[in-house]
Amino acid sequence: MPTLRGQLSSRLLPALLVGFSVVSWTASLAVAAEADAKSQVDFGRDVRPILAKACYHCHGPDKAEGGLNFTDAKSPFGELDSGERGIIPGDLEHSEILNRITTADDSMRMPPEGKPLSQDQITTLKAWIEQGAPWESHWAFKPVQRPAVPDVTNKGWVKSPIDAFILKKLEEKGLQPNEPASKAALIRRAYYDLVGLPPTLQEVNEFANSSDPMAYEKLVDKLLAHPGYGEKWGRHWLDLVRYAETNSFERDAPKPNAWRYRDYVIKSLNDDKPYDQFVREQIAGDELKNATDETKIATGYYRLGIWDDEPADRKQAYYDEMDDTVATTTHAFLGLTVACARCHDHKIDPIPQSDYYQMVAFFRDVRSYGARGDKGEANQIDISGSDLSRKHMERDRKIRQLSKRIKEIEQAAILKMPGEIQRKTEGDERDEALREHLRNHLNDEQWRKYEDLKTQRDRVKEQELPPRVSALGVANCDVNPPETHILGRGNPHVEKEVVKPGYPDIYNMKDPEIPAPGKDAETAGRRVVLADWIASPDNMLTTRVIANRVWQFHFGRGIVRSSNNFGLLGDAPTHPELLDWLASEVVAKDWKLKALHREIMLSNAYQMSSATNAKADGMDPQNNLFWKFDMRRLTAEEIRDSMLVVAGVFNPKMYGPSIYPKISDEVMAGQSMPGAGWGESSEEDRNRRSIYIHVKRSLLSPLLAAFDYPEPDSSCEARFSTTQPTQALGMLNSDDLQDLSAKLAARLQRERPDDLQAQVRLAYELITSRRPNVEEIEMGLTLIDKLKAEGANEDQARQLFCLAAYNLNEFIFLE
Amino acid sequence: MRNFCNRTRREFLWQAGAGFGSVALTSLLSQDGFLNSQAKAADGVTPYANPLAPKPSHFPGKAKSVIFLFMYGGPSQVDTFDYKPELFKLDGKTIPVKTKGRGGEKNEGRVVGPKWKFKQYGQSGQWVSELFPHLANHVDDIAFVKSMTADSPIHGSAMLQMNSGKILGGAPSMGSWINYGLGTENENLPGYVVMLDPTGGPISGAKNWSCGYMPATYGATVMKSKGSPILDLNVPDEIKPQMQRTLLDSLAEMNQSHQLRHPGNSDLAARIASYELAFNMQKHAPEAVDLSQETEETTKLYGLDNPRTNDFGKRCLMARRLVERGVRFIQLYSGGHHNDNNWDAHGDLFNNHSKHAYNTDQPIAGLIADLKRRGLFDSTLIVWGGEFGRQPTAEYAEGTGRDHNSYGFTMWMAGGGIKGGQSVGATDELGAAAVEQPFHVKNLHATMLHQLGFDPNKLSYFYGGLDQKLVGVEHVQPIKELIS
């Protein structure tokens, strides 16, 4: 088998399309499910994927050869150009498509290129036609319908409607959900899921020993009110919106004030800002009726992507920026891969190229991030207050004018200088080169003029003003943006027909009438229309997508696993009714996510143990049915933050400019200017949570990167969870780990002076939030003894024991 | 198990294979040869599938490994391999010529005549300038592509394109694609190694060897010839090796007792096994780059006895040792940092290229000779070139500096089934732009993948709703003339 995907494309794709979700693979391992499948073929799950992959290329959104279009509900049933009918429900013999896919005549057989359809695929199509060929639109492109809560046998297990949806499917397969998790496991799970930090042993004990029937509910409420909630869930959001604080490319320059957007996200989540409002603020925070500094900061959303300050082709670069906005917006808020339609109609999903450019049209008043060397006119919002703001603007204007005239004189002179010196004037040595050579290339009058302009500029600069406060976001919009064209094959130099802002075809909605901007308008007024539409309770994707994400970050995977892609190439939901129920809950709970967390966490489904069960594992090894709670490895941030907590040096300080943990010279050596763009933070600051670490695109923190911190150039729907030897090397030998072990050792000695046994116990308690048993303490003590016998002194032996403790699987994996 | 939606299905297969308990799935995969190499985890029982276990390519490839000699900054084609007799005569004359570089687009410029004489070498009569006296002896093994083009004449984006196929960030680099496609034959070493110039990394640093949207498993490891060869490989000095072994044994014991309480979770077993792999790497990686095992004759062949060629020579020799040990993709940077610390000759062309060519000529010739005599040449693909070339005209009113040029430049390939002793494609008579058989960076990537046994248009990874490829979505041909 060649490559994974190569192999899949040729052999397993049909299965894949159904939702790699392995609905088909585990295909519940064939036996039981196969019988089901034969009895009832599901169009969306079984049939459409075959058509999409094998037929859409010629009979799909792009072209309808022979008059046949499989994306249209009527065409396959009507008369084709040949006079035949493609599909006649119930009639295998006269359904032309069957004849064409099964014929032995190579010149007639469909598809004309590549392999013929497999016997399984043909069987599925036959069964579907026999069953009357019911045609349904794709599940995700239908309005959300709040489903009835199903009836189940084991009613006692149902604490929340969620449980009924889960149990129904388990019972259908003759399975039972796992027993509840131990209280110790449950509180640890709840802590990490909601705040990303471990509970103390005392908190665990209090919870485990409490006789209060409301103890768990109170715990969930306490954690939802914990400021760490915003830091934990904010990080999920930052992954989705490709949050980073630099631009990438040669200079990888910082994005000033990006951290205010990060703080906005944390604060919004902690405040339980309704999700629809959260959406509106990020897309159109500057255009809202009651816009505030906070809602303007939210538009930092647009400015987080990569930006080439020295593009080879400016127009191309501008549309690349637009593409970043369209891709991120449609992935993150709508779970749609509209960006695939940049160059041509989507090959599989019913997304024509015009959808893409109509989406672009909504964003046209957002100017390019900037121009090299500018002052952030398009990306910095002044939030200093109007008076100060006006004074700064006036001063800046004067400086700009004077600088322009000064530079004109300099450049004219530079052109007369030797190449070597010209080269110098383009870099850091400019001032020096000008000091040495400028006078010689100017006549007296020019020189006098030059000196005079510089004196004037100095005077303006000397005027003291309190510093202005700025935020990263959308500034100086293009109130009347140029027309938006469809671009031939996505080429910005091939402009085709003009499009207006409009919604994707799948919504079947009239395009909005957006009035021309008034005289005093500061924006084109389009984004707010888009924001209202995305944040509408009737938007079938918005609510499903966010409900699915909340589920994903609790259970480790979404009900739809491809959480950025709800289209035909995405995974089918394992529990479609549950997803719709949750989506309708989002609206019913006024878009408040904390209420949704509460509903989910109070369910029995969430509280199941992660133990294995031979029968269930045999039938559903991927846990598609949620018969157990999946164990998970901690995320990169959870690992680092927890180590700081265990070492006793954790600094919970929130918000503000980003911090710079130490990065070794070895890693810095990979930069073209080692150390450039990386600051220094005090030790106290370095001990803050990982979400506050400066995100420099070309220099990601090695510890975080090793544990699957995502490449921040595009939206990340779900992080990988790899296991690699390089992680072990870092966890054993890195400076960070030596330092953290020394700190933990010092803490043990401080809190349990000169009592090795008590120290081992405390280390276990800190690492695992539980009391160790005798054997475990024995293992720890034995390690220390052996190390001493090998020549370590007690301090070193203690420190190495601490190093081992950080490497325990029990620390890194969550039940 | 966690999310194995589209972008993580690769990982899913690995985990599924790692004794996930799904018999049907595992056997399905092994039929396809996916899990052909399983080691046992530390407990000696649990099968542990290294995600980098070797995997078969689409068809048997001629090359097993690639050594990419990255001449960072952009060497001038007309001063190295692309002989343009007319250009010598035009020295100093201002002529109409369309150029685009960091200094923008221009329609005329002052010609800088090539600064080195050219001669034909080998039976095939390839032109080489005086800059490469050693390499010139090997031209019959080298195929020159004299009509290369790229999309950007600006370092940042051009570097990304040469390394990942795209001028924007976020896509995996070629080494990651190869690691993903082939795995590595030696699990005690990384499958994808980058070795940097002592003056620093290239512009954009780690972005150039990023694994983009693929899992970190396929990322590069930076190796060094001095100090700890791999980040965090060396046990800190104060910890005696025996102590670390004791710690690891004890850790394994503790983790196994935890695993017993959580049967059926292969992630736990995988993590236990990863510590043994790390331990093995500590043992094997230093050996792999230990040049004291080489004879004096060999080290001289690479120029280790000359302070000018010592550094690049060492890295070339390390590359050969890594190839012998099954490493798939090794990238060596000639030049680092900015300006004249690399081939970016904006100021004084003569000094710049004299320096970098001298520093690399003998080491590269030595590498070719050494691979040949060890029978490794035919299975090792060597690629030489920068992110673009340089203009035939001057950048400034005075001086010999040349600006960037992505309209036409030269790269070469050797070994790994490449037909040597030929030049393919041509630039115009000034060497300014490719006019005959222009090839894009994508064609170069396609050729590389083809030599490794892949159909470049089928090696794909599903991400963002698309089957992503190193060569992009449009069909791309390898350079047929190069394939023997």
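The values are calculated or read from the model by the stated rules, or taken from the named source; none is laboratory data. Because the structure is predicted, anything quoted here is derived from the model rather than measured. No Cβ is skipped: glycine too gets one built from the backbone with ideal geometry, and neighbour counts run over all protein chains shown.
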Being surrounded by fewer than 19 Cβ atoms within 10 Å (Cβ to Cβ) and aromatic (Phe, Trp, Tyr) is the filter; apply it to region B:52-92 and report the residue that is farthest from the other protein chains (Cβ to nearest Cβ).
-> B:88
Subset of region A:728-742 [surrounded by fewer than 24 Cβ atoms within 10 Å (Cβ to Cβ) and at the interface with chain B (Cβ under 7 Å from one of its Cβ atoms)] | A:730, A:733, A:734, A:738
Do we find that residue A:665 is farther than 30 Å from residue B:263 by Cα, within 11 Å of another protein chain (Cβ to nearest Cβ), more than 26 Å from the chain's Cα centre (by Cα) and not polar (S, T, N, Q) in this structure?
-> yes
Going through region A:230-280 in order, the residues found to be among the basic types (Lys, Arg), more than 30 Å from residue A:585 (Cα to Cα) and buried (at least 23 other Cβ atoms within 10 Å of the Cβ) are A:255, A:260
List pairs: first in region B:134-162 and more than 28 Å from residue B:370 (Cα to Cα) and not assigned by TED's automatic domain parsing to the domain that holds residue B:436, second among the β-branched types (Val, Ile, Thr) and modelled with pLDDT of 95 or more, Cβ under 8 Å, 6+ apart or cross-chain?
-> none
Check A:299, A:328 and return the single one that is away from chain B (no Cβ under 14 Å) and either β-branched (Val, Ile, Thr) or surrounded by fewer than 21 Cβ atoms within 10 Å (Cβ to Cβ) (or both).
-> A:299
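Has region A:574-591 got any residue that is assigned to a loop (DSSP other than H, G, I, E, B), without any contact (Cβ under 8 Å) to a residue 40 or more places away in the chain and more than 20 Å from residue A:239 (Cα to Cα)?
yes
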Pick out, from region B:223-311, the helices (runs of 4 or more DSSP H) lying fully within it that include 3 or more residues that are in contact (Cβ under 8 Å) with a residue 12 or more places away in the chain, in contact with a Leu (Cβ under 9 Å, 6 or more places away or on another chain) and under 30 Å from residue A:610 (Cα atoms).
-> B:241-261, B:266-288
Filter region B:154-183 down to residues that are assigned to a loop (DSSP other than H, G, I, E, B) and either farther than 23 Å from residue B:380 by Cα or facing chain A (nearest Cβ under 8 Å) (or both), then give me how many there are.
-> 7
Leading residue by the ranking (nearest to the other protein chains (Cβ to nearest Cβ)) among those in region A:376-424 that are part of a loop (DSSP other than H, G, I, E, B) and closer than 16 Å to residue B:398 by Cα = A:418
Report the residue count in region A:475-523 for those that are assigned to a loop (DSSP other than H, G, I, E, B), hydrophobic (A, V, I, L, M, F, W, C) and under 30 Å from residue A:143 (Cβ atoms).
-> 2
Taking residue B:151 and the conditions (1) more than 24 Å from residue B:450 (Cα to Cα); (2) within 13 Å of chain A (Cβ to nearest Cβ), which numbered condition does it fall short on, given that it satisfies the others?
-> (1)
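Kindly state which helices (runs of 4 or more DSSP H) lie completely within region A:92-194 and contain at least 2 residues that are farther than 23 Å from residue A:579 by Cβ and of a type outside the set (S, T, N, Q).
Counting at least 2 such residues, we get A:96-102, A:119-130.
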Subset of region B:191-217 that is more than 8 Å from every other protein chain (Cβ to nearest Cβ) and more than 19 Å from residue B:448 (Cβ to Cβ) - its residue that is modelled with the highest pLDDT = B:197
Return only the number of the condition from (1) surrounded by fewer than 23 Cβ atoms within 10 Å (Cβ to Cβ); (2) at pLDDT below 95; (3) over 24 Å from residue A:710 (Cα atoms) that residue A:666 does not satisfy.
-> (3)
If you check residue A:721 against the conditions, is it of a type in the set (Ser, Thr, Tyr), under 22 Å from residue A:232 (Cβ atoms) and touching a residue at least 12 places away in the same chain (Cβ under 8 Å)?
-> yes
Got a number for residues in region A:413-436 being under 27 Å from residue A:459 (Cβ atoms) and touching a residue at least 24 places away in the same chain (Cβ under 8 Å)?
-> 3
Just give me the residues in region B:258-277 being within 7 Å of another protein chain (Cβ to nearest Cβ) and among the basic types (Lys, Arg), in sequence order.
-> B:271
Please give the number of the condition residue A:770 fails out of (1) within 11 Å of chain B (Cβ to nearest Cβ); (2) in contact with a helix residue (DSSP H, G or I) (Cβ under 6 Å, 6 or more places away or on another chain); (3) in a loop (DSSP other than H, G, I, E, B).
-> (1)
Of the residues that make up region B:423-437, is at least one part of a loop (DSSP other than H, G, I, E, B), within 14 Å of another protein chain (Cβ to nearest Cβ) and more than 15 Å from residue B:145 (Cβ to Cβ)?
-> no
Could you grab the pairs with beta carbons closer than 6 Å, sequence gap of 6+ or different chains, first residue in region B:405-417 and within 14 Å of another protein chain (Cβ to nearest Cβ), second one assigned to a strand (DSSP E or B)?
-> B:405/B:389; B:405/B:390; B:405/B:391
Candidate set: region B:294-312, residues that are within 23 Å of residue B:379 (Cα to Cα) and in contact with an Asp or Glu (Cβ under 9 Å, 6 or more places away or on another chain); chosen: the one surrounded by the most Cβ atoms within 10 Å (Cβ to Cβ) | B:312
Residue B:252 fails exactly one of the following numbered conditions: (1) within 30 Å of residue A:774 (Cβ to Cβ); (2) facing chain A (nearest Cβ under 9 Å); (3) among the small types (Gly, Ala, Ser). What is the number of that condition?
-> (2)
Only one of (1) exposed (fewer than 14 other Cβ atoms within 10 Å of the Cβ); (2) polar (S, T, N, Q); (3) touching a residue at least 40 places away in the same chain (Cβ under 8 Å) is not met by residue A:389, so which one is it?
-> (1)
Any idea which residue in region A:331-346 is farthest from residue B:473 (Cα to Cα), counting only those that are more than 21 Å from the chain's Cα centre (by Cα) and within 9 Å of another protein chain (Cβ to nearest Cβ)?
-> A:346
Within the group B:444, B:449, which residue is within 17 Å of residue B:61 (Cα to Cα), within 11 Å of another protein chain (Cβ to nearest Cβ), in contact (Cβ under 8 Å) with a residue 24 or more places away in the chain and crowded, with 23+ Cβ neighbours inside 10 Å?
-> B:449
Looking at (1) on the phi < 0 side of the Ramachandran plot; (2) at pLDDT 95 or above, which is the one condition that is false for residue A:201?
-> (2)
Quick one: residue A:640 ticks every box in (1) over 21 Å from residue A:191 (Cβ atoms); (2) more than 14 Å from chain B (Cβ to nearest Cβ); (3) touching a residue at least 12 places away in the same chain (Cβ under 8 Å) except a single one, so which number is it?
-> (1)
